[in-house]
Amino acid sequence: MNLNRTIPVQCPKCATAYQVTVTVIVDTSHNPFAKDLLLSGQLNVVRCPHCQLESAVAVPLVYHDSHSAKLITFAPVAIGLNQTESNRILDALMKDVAKTLAQEQDTSYFFRPTHVGTMAELVHAVLAADGITAGMVEQQQLRSRLVMMFLQCDEDSLIELVKQYNSQLDEGFFQMLTVAIQQLVTQGNVEVAEHLTQVQQTIAQHSTVGRKILGDLALTDQKVQQVASLLNTLGDSPSQSALMQIVVAISDDVEQLHAFVGLAHPLFDEAFFQQVATEISAELAQQIREMKESVENHHRQQIKHRLSFLQQLIVDDDPERLMRAGGIYLDRLFMELLQQLQQTNTAEIADKLSQIEKIALKIMDARMTPEMRYLSQLLDAETDAQIHSLLQKAVQDFGVKFLGVLDDMAKAYRENGEGDVAEQLVVFRQIADTIWEQHND
Ligand SMILES: [Zn+2]
C-alpha cells in the first residue's frame, strides 16, 4: 500500500513551483505517526524551498482504523475538485486500504464511511472515532486557558487564582500539565518547561487535588525505590525462587507489583507463573500476567510509532521540519531502531538514514540540559570507573539537584516501558547518594 504521493505544488506567497510528498492514507495500523501529525495540525504541511513559508497542502485522503472499524474520507472543499473526480480518487484509496485487510475481517463499515470536507472536521471525526467527545475537547481547551493564565501571573496572584479555580484543578488538569512539560522539553523549550514546572509545584501545593497527588507521588517513588533495591541485590539473572520471595513480600501492594513487573517482566516465564499460581494464588498469577502483557504491549506500540515515524522521514522531502514536529519520538529507542534499519537496508536508504541520524543528534543535543548531557554520558559509559568519575563530577556541579534529576528520569523511563534503563538509573542514584554523603562529610 502506497501511503504517500508526490505532487506538484505552488507556494501561495512567492509562487515558486516545487514537488512535495504528501500523505494520502492515514492508517493506524500502518502509519500511526501520520495520525499524530494529523491531530497536531502538522499533516501535509510543507515548506517552500525559496521563501521558507510553511503551508498546509489540501489533498483528498482516507483515514482508516481497523480496531475501531472506522473509515473517514476527506475531500477538501478548498481545492474545488468536482464530486466525480474526488470520488474517483477516494475510491481508489479505499481499495488500496481494503487490500491490506485479512479476508475474514468484517469490512461492512467500508460501505458507510464518514465524509468530511475540512481539516477541522477531519480532526473532530478522528477524535470522535477514538471516543473523545466535543465536551471533552472543550474541557481540554478550558484547561489550556487556565494554564495560560497561570503562566502569565506572578507568584502571589498565582496563589490567589489557584484558590479561586480550585474546584477545576482535577487530576485531568495535572495530567495535562505533565504532558505539556514533557512536550516542551522534547521540543527544546527547556526554559519554558522549567518555568511551567515551578508553576505546577505552586499549583499543586495550594490546591486540594494537587496536595493529594504530591503525597501519592512521593509514596509511589518510595515504593518503586524499595522494589528496585530488592531486585538489585539479586544481580543480573536472579533465580526463580529469589523472584518468588519478592512476589510474596509485595503481593498485597498493587503499586509495588507494578514497579516489580515494570522492572523484571523479561524474567517471567511459564514456570514462574505456574509457581505463583500454585504457591500463592491463580488470581495473582493472572494479575501479573496481565501487567506483563500491558507493559510489553506498550513497548511494542512505542516501537511501532517510531518505525512509522522513520518510514515517513525516509520518504519526506523535508525531514528536518518533520523531525521538529515529531520531536516527542526522538529518543534512545528511536536511535536504536534507526541503527538497526541502517544495517538491514539498501545503501540508498541507509544513506538517507544517516542524514536523519545527524539531524536527530543535533536536535536531541540542543534540547539537553547540562544535567541530561551527564546522564547520556553515564548511559554510554563502559566501565565502573567511568561511571564513578562522571557521577562525581555531576554531583560536584549540581549537588543534590542531580539526585532529583536521576529520580525524575528513572520515573520517565519506567513510564515509557523502558524498565532496564530505569533500573540502571536507580543504580546510578545509589552510587551518587554515597558520593553526595562523602561530599558533605
Ligand atoms: Zn515561497
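Working only within the stretch 48-63, note down all residues that are in a strand (DSSP E or B) and within 9 Å of the ligand (Cβ to nearest atom). Give the derivation first.
Narrowing the stretch 48-63 to residues in a strand (DSSP E or B): 54-56, 61-63.
Within the stretch 48-63, Ser55 is the sole residue that qualifies.
Which one of the conditions (1) touching a helix residue (DSSP H, G or I) at 6+ places or on another chain (Cβ under 9 Å); (2) at pLDDT below 85 does Lys393 fail to meet, given that it meets all the rest?
Failing condition for Lys393: (2).
Assess whether Glu293 counts as being within 30 Å of Thr344 (Cα to Cα), of a type outside the set (Ser, Thr, Tyr) and surrounded by fewer than 15 Cβ atoms within 10 Å (Cβ to Cβ). Don't jump to the end; show me each part of the working.
Details: within 30 Å of Thr344 (Cα to Cα): yes; of a type outside the set (Ser, Thr, Tyr): yes; surrounded by fewer than 15 Cβ atoms within 10 Å (Cβ to Cβ): yes.
Against the criterion (within 30 Å of Thr344 (Cα to Cα), of a type outside the set (Ser, Thr, Tyr) and surrounded by fewer than 15 Cβ atoms within 10 Å (Cβ to Cβ)), Glu293 qualifies.
(1) open to solvent by less than 80 Å² (accessible area, probe 1.4 Å); (2) touching a Lys or Arg at 6+ places or on another chain (Cβ under 6 Å): which one isn't true of Arg47, the others all being true?
(1)
I'd like the residue in the stretch 254-274 that is surrounded by fewer than 18 Cβ atoms within 10 Å (Cβ to Cβ) and in contact with a helix residue (DSSP H, G or I) (Cβ under 7 Å, 6 or more places away or on another chain) and, out of all such residues, is farthest from Ala410 (Cα to Cα). Spell out how you get there, then give the answer.
Initial filter on the stretch 254-274 (surrounded by fewer than 18 Cβ atoms within 10 Å (Cβ to Cβ)): 254-255, 266-267, 269-271, 273-274.
Those still in the list that are in contact with a helix residue (DSSP H, G or I) (Cβ under 7 Å, 6 or more places away or on another chain) too: 255, 267, 271, 273.
Values: Glu255: 16, Leu267: 20, Ala271: 30, Phe273: 27 Å.
Here the residue is Ala271.
Could you go through the stretch 38-47 and let me know if any residue there is among the β-branched types (Val, Ile, Thr), within 16 Å of the ligand (Cβ to nearest atom), on the phi < 0 side of the Ramachandran plot and touching an Asp or Glu at 6+ places or on another chain (Cβ under 9 Å). Walk me through it before giving the result.
Of all residues in the stretch 38-47, those among the β-branched types (Val, Ile, Thr) come to 45-46.
Next, from what is left, pick out any that are within 16 Å of the ligand (Cβ to nearest atom): 45-46.
Those still in the list that are on the phi < 0 side of the Ramachandran plot too: 45-46.
Add one more test, that the residue is touching an Asp or Glu at 6+ places or on another chain (Cβ under 9 Å), and what stays is 45-46.
Yes: the stretch 38-47 contains one or more residues that are among the β-branched types (Val, Ile, Thr), within 16 Å of the ligand (Cβ to nearest atom), on the phi < 0 side of the Ramachandran plot and touching an Asp or Glu at 6+ places or on another chain (Cβ under 9 Å).
Within the set of pairs 6+ apart or on separate chains, which have a first residue in the stretch 380-396 that is farther than 12 Å from Arg429 by Cα, a second that is modelled with pLDDT of 90 or more and of a type in the set (Val, Ile, Thr), and C-beta atoms under 6 Å apart?
Ala381/Ile387
Restricting attention to the stretch 377-384, does a residue exist that is outside the structural domain of Lys292 (by TED's automatic domain parsing), among the small types (Gly, Ala, Ser) and either within 22 Å of the chain's Cα centre (by Cα) or open to solvent by 20 Å² or more (accessible area, probe 1.4 Å) (or both)? Quick ask: steps written out before the conclusion?
Filtering the stretch 377-384 down to residues outside the structural domain of Lys292 (by TED's automatic domain parsing) leaves 377-384.
Filter once more, keeping what is among the small types (Gly, Ala, Ser): 381.
Adding the requirement that they be either within 22 Å of the chain's Cα centre (by Cα) or open to solvent by 20 Å² or more (accessible area, probe 1.4 Å) (or both) leaves 381.
Yes; the residues of the stretch 377-384 include at least one that is outside the structural domain of Lys292 (by TED's automatic domain parsing), among the small types (Gly, Ala, Ser) and either within 22 Å of the chain's Cα centre (by Cα) or open to solvent by 20 Å² or more (accessible area, probe 1.4 Å) (or both).
Inside the stretch 93-179, counting only helices (runs of 4 or more DSSP H) that do not spill past its ends, which hold 3 or more residues that are touching a Gly at 6+ places or on another chain (Cβ under 6 Å)?
On the way: elements: 119-129, 134-151, 155-164.
No helices (runs of 4 or more DSSP H) qualify here.
For the stretch 8-42, give me the residue count where each residue is at pLDDT below 90 and part of a strand (DSSP E or B).
0
Return the residues of the stretch 401-410 that are in contact (Cβ under 8 Å) with a residue 12 or more places away in the chain, closer than 28 Å to Phe260 by Cβ and either polar (S, T, N, Q) or open to solvent by 20 Å² or more (accessible area, probe 1.4 Å) (or both); say none if nothing qualifies.
Step one: filter the stretch 401-410 for residues in contact (Cβ under 8 Å) with a residue 12 or more places away in the chain, giving 401-403, 405-407, 409-410.
Narrowing the set further to residues that are closer than 28 Å to Phe260 by Cβ leaves 402-403, 405-407, 409-410.
The answer is Val405, Asp407, Met409.
The rows are residues; the columns are (1) surrounded by 12 or more Cβ atoms within 10 Å (Cβ to Cβ); (2) not aliphatic (A, V, I, L, M).
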{"position": "Ala17", "(1), (2)": "no, no"}
{"position": "Val20", "(1), (2)": "yes, no"}
{"position": "Asp27", "(1), (2)": "yes, yes"}
{"position": "Gly41", "(1), (2)": "yes, yes"}
{"position": "Ile89", "(1), (2)": "yes, no"}
{"position": "Ala98", "(1), (2)": "yes, no"}
{"position": "Asp106", "(1), (2)": "no, yes"}
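Conditions: (1) within 16 Å of the ligand (Cβ to nearest atom); (2) of a type in the set (A, V, I, L, M, F, W, C); (3) open to solvent by 10 Å² or more (accessible area, probe 1.4 Å). Met1 meets all but one. Number of the miss?
Evaluating Met1 over (1) within 16 Å of the ligand (Cβ to nearest atom); (2) of a type in the set (A, V, I, L, M, F, W, C); (3) open to solvent by 10 Å² or more (accessible area, probe 1.4 Å) leaves (1) as the failure.
Out of the residues in the stretch 217-247 meeting the condition of being within 17 Å of Ala271 (Cβ to Cβ) and polar (S, T, N, Q), tell me which one is most open to solvent (accessible area, probe 1.4 Å).
My answer is Gln245.
Only one of these is touching a strand residue (DSSP E or B) at 6+ places or on another chain (Cβ under 7 Å) and in contact (Cβ under 8 Å) with a residue 24 or more places away in the chain: Leu146, Leu122. Name it.
Values: Leu146 fails: touching a strand residue (DSSP E or B) at 6+ places or on another chain (Cβ under 7 Å).
Checking each option against the conditions leaves just Leu122.
For the stretch 359-408, give me each residue that is in a helix (DSSP H, G or I) and β-branched (Val, Ile, Thr). Walk me through it before giving the result.
We begin by selecting, within the stretch 359-408, every residue in a helix (DSSP H, G or I); these are 359-366, 370-380, 384-398, 400-408.
Ile359, Ile363, Ile387, Val395, Val400, Val405 - these are the residues of the stretch 359-408 that are in a helix (DSSP H, G or I) and β-branched (Val, Ile, Thr).
Among residues belonging to the stretch 4-15 that are within 8 Å of the ligand (Cβ to nearest atom) and not small (Gly, Ala, Ser), point out the one that is most open to solvent (accessible area, probe 1.4 Å). Lay out the reasoning, then the answer.
Within the stretch 4-15, the first condition is being within 8 Å of the ligand (Cβ to nearest atom), and the residues that meet it are 11-15.
Keeping just the survivors that are not small (Gly, Ala, Ser) gives 11-14.
Details: Cys11: 7, Pro12: 100, Lys13: 146, Cys14: 48 Å².
This residue is Lys13.
Hey, among Ile356, Ile431, Ile435, which residue is assigned by TED's automatic domain parsing to the domain that holds Ile303, in contact (Cβ under 8 Å) with a residue 12 or more places away in the chain, buried (at least 16 other Cβ atoms within 10 Å of the Cβ) and assigned to a helix (DSSP H, G or I)?
On the way: Ile431 fails: assigned by TED's automatic domain parsing to the domain that holds Ile303; Ile435 fails: assigned by TED's automatic domain parsing to the domain that holds Ile303.
Testing whether each residue is assigned by TED's automatic domain parsing to the domain that holds Ile303, in contact (Cβ under 8 Å) with a residue 12 or more places away in the chain, buried (at least 16 other Cβ atoms within 10 Å of the Cβ) and assigned to a helix (DSSP H, G or I) leaves just Ile356.
Between a first residue in the stretch 43-54 that is acidic (Asp, Glu) and a second residue that is open to solvent by less than 20 Å² (accessible area, probe 1.4 Å) and near the ligand (Cβ under 8 Å from one of its atoms), which pairs have beta carbons less than 8 Å apart while being 6 or more apart in sequence or on different chains?
Glu54/Cys48
The values are calculated or read from the model by the stated rules, or taken from the named source; none is laboratory data. Model, not experiment: these values are computed from the prediction. Note that each Cβ is placed from the backbone with ideal geometry, even for glycine, and that neighbours are counted across all protein chains shown. We work out accessible area using only protein heavy atoms, side chains counted, and drop any ligands, DNA or RNA first. Shrake-Rupley method; radii C 1.70, N 1.55, O 1.52, S 1.80 Å.
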